[in-house]
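Take a look at the structure set out below.
The numbers here are math on the coordinates, done by the rules we state, and not lab data. Just so we're clear, the structure is a prediction, and the values are computed from it rather than from any experiment. Here the Cβ is made from the backbone with ideal geometry for all residues, glycine too, and neighbour counts use every protein chain on show.
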Amino acid sequence: MCLLKVTGLTKTFKNKKDRVYALKGIDFSIKQGECLGLVGESGCGKSTAAEIIARLIKEDSGTIEFNGAYITSEKRLKCVGRDLQMVFQNPKDSFDPKYSLLESVMMGADSYRIYSKIELIKRAKELIKYVGLKESYMYKGIGGLSGGECQKASIARALICSPKLIIFDEATSALDVSVQAQIIDIMRRLKEEKGVSFLFITHDLALTSSICDNIAVMYSGRIVEYGKCRDVLCNPKHPYTKQLVSSVLPVNRRCDIPEFNALRDTQYAPKGCDYYAFCPNADEKCFKNVLHMFQIEGRSVLCCHADD
């Protein structure tokens, strides 16, 4: 069953002088119990996509179908509800420091009125233990927790509504390696035990490969490669994906990575490939032609040389 389907999503930000094309028409989907990794460099549009799906900001165009219903049909932003939750990069900013850990977790479900007061307290305590926080922390102020502990608390708060999809927006980037491993273990257990789906936004390809089923690689507001996580990371087809993989994986892996040319003395392509200035394979058609996704070896690649 397809839980989330994003089609042709675009978003532009404007100020008095400039216009920034944050999203240029992206497509992806997530099935029930599946984890999709959305990766790419800072500023490529990953968090913008997440905020639109979570209905924190409105798209310019495109559709989002979640749990069998279109959530982009309204003229104004409307909360999706308890089935979609989000875990942010800096969890302390999403909590009110004057409340205790237990009170903070309970707030995740308080507005939906799905539990009685006694049931809500019981459920919150169960989830605090589930994410690995000490029972002695229950009545401790949320502001007194460490970054990793606070992130676990934000996961517990998201889980209290029994959501079908959780968006992790760079939720592990500020944590040390040991805490990252604990967060990934929680995600893996949620997939296996509760069938929760995830949109996992990150810079870390190692973490992506350890938890994600599929991966979408973004560059300059577009998805340039999309497919099974193992296939894309072990045998990348798009030049940008190759550069991304070569920067983090061992050089002796079985992947051909070409040497990249210096930055071309040119502006970005007006309607062609945004990666033109950096790509070692670029030619005139990359600069002038409108790009289309190619289907190669079970994945989608936004490159006119993908099948060369």
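A few points about this structure:
- Neighbour net charge for Gly62 - beta-carbon separation under 10 angstrom, K R +1, D E -1: -2
- Summing charges over all other residues whose Cβ lies under 11 Å from the Cβ of Ile201, with Lys and Arg as +1 and Asp and Glu as -1, gives -3.
- Taking the chain as a Gaussian network of alpha-carbon nodes connected by springs under 10 Å, the highest mean-square fluctuation of the residues Lys46, Lys58, Lys14 belongs to Lys14.
- Considered as an equivalent ellipsoid built on the Cα gyration tensor, the chain has semi-axes of 37, 21, 17 Å, the largest given first.
- Long pairs among Lys17/Lys98; Lys125/Lys191; Lys14/Lys191; Lys98/Lys191, criterion Cα-Cα beyond 29 Å: Lys17/Lys98; Lys14/Lys191; Lys98/Lys191
- In percent, rounded to a whole number, the relative contact order of the stretch 94-249 is 17, using alpha-carbon pairs under 8 Å and six or more apart.
- Convex hull volume of the stretch 1-143 per residue (C-alpha atoms, cubic angstrom): 163
- Calculated translational diffusion coefficient of the stretch 1-82 (20 °C, 1.002 mPa s; Stokes-Einstein with Kirkwood radius over alpha-carbon pairs) equals 159 µm²/s.
- Here the Karplus curve 6.51 cos²θ - 1.76 cosθ + 1.60, taken at θ = phi - 60°, turns the phi angles of the stretch 148-160 into couplings of x, 5, 5, 5, 5, 5, 5, 5, 4, 5, 5, 6, 5 Hz, with x standing for Gly and Pro.
- The calculated FRET efficiency for Glu126 paired with Lys285, based on their beta-carbon distance and R0 = 41 Å, is about 0.10.
- Inter-part distance where the stretch 46-85 and the stretch 176-208 are each reduced to a Cα centre, Å: 23
- Virtual spin-label span in nm between Lys228 and Lys78, 7 Å along Cα→Cβ: 3.9
- Two-decimal Rg to Rh for the stretch 120-213 - Kirkwood Rh, Cα set: 0.95
- Fully extending the segment from Val177 to Ser210 would add 10.5 nm, taking 0.36 nm per residue of separation and subtracting the current Cα-Cα distance.
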